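Only one structure is covered here, and it is reproduced in the block below.
The values are calculated or read from the model by the stated rules, or taken from the named source; none is laboratory data. Keep in mind that what you see is a predicted model, and the values were worked out from it rather than measured. Please note: Cβ atoms are built from the backbone with ideal geometry, for glycine as well, and neighbour counts cover all protein chains shown. Calculation scope for accessible area: heavy atoms of the full protein, side chains included, ligands and nucleic acids excluded. Shrake-Rupley method; radii C 1.70, N 1.55, O 1.52, S 1.80 Å.
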Amino acid sequence: MATTELTLYVDGNCPICMLEMKQLRARDRDGRLAFVDIAEPTFDPAPLGVSLKALNTQMHAWTADGVCLVGIDAILAAYTMTGRGWLVAPLRVPALRPAARALYRAFARNRMRVSRWLRVRNTNANANAPACSDGLCETKMYGERPRKP
């Protein structure tokens, strides 16, 4: 039986995030990853010691021994565990890490917008997910400014 080595906390309302998690899950042949949808109404971040706002700001992951990984470190660990570490190898280069962190934070802040721009469909089966028009999510991300009509 496989043992979960990394638990990823992801926004189930984010189409591009869910697409990527679906791909990671498919590549996780050894069952080393677990996924928790932070958009579920029953999700409680209190046991993690972080706020829902923090979890919505950047992806978080916890290793089996309790180490918290945030942002690019969580992505790097997940890809490495699924045999795709080569795809994120630049994230290991010390000189590139500050720029990679900044780019990831910008992406995370705008992930709903990026999903719309790329026309990524919301494949989340969560009945509590926000309503989407024509399969494209129109929900604003936490902290996103309302659009002018």
Region 30-44, residues that are open to solvent by less than 70 Å² (accessible area, probe 1.4 Å), in contact (Cβ under 8 Å) with a residue 12 or more places away in the chain and either over 18 Å from Glu5 (Cα atoms) or of a type in the set (Phe, Trp, Tyr) (or both): Phe35, Ile38, Ala39, Glu40
Quick one: is Arg121 under 21 Å from Val36 (Cα atoms), touching a Leu at 6+ places or on another chain (Cβ under 9 Å) and open to solvent by 30 Å² or more (accessible area, probe 1.4 Å)? yes
Matching residues, region 84-115, being among the β-branched types (Val, Ile, Thr) and either over 16 Å from the mean Cα position of the chain (by Cα) or surrounded by fewer than 16 Cβ atoms within 10 Å (Cβ to Cβ) (or both): Val93
Specify which of the listed residues (Leu24, Leu52, Leu19, Leu8) is open to solvent by 60 Å² or more (accessible area, probe 1.4 Å), within 12 Å of the chain's Cα centre (by Cα) and of a type outside the set (Val, Ile, Thr). Leu19
Within region 55-71, restricting attention to residues that are of a type outside the set (Asp, Glu) and open to solvent by 60 Å² or more (accessible area, probe 1.4 Å), which residue is nearest to Tyr104 (Cα to Cα)? Thr57
Test for Ala74: is it under 26 Å from Thr3 (Cβ atoms), assigned to a helix (DSSP H, G or I) and open to solvent by less than 70 Å² (accessible area, probe 1.4 Å): yes
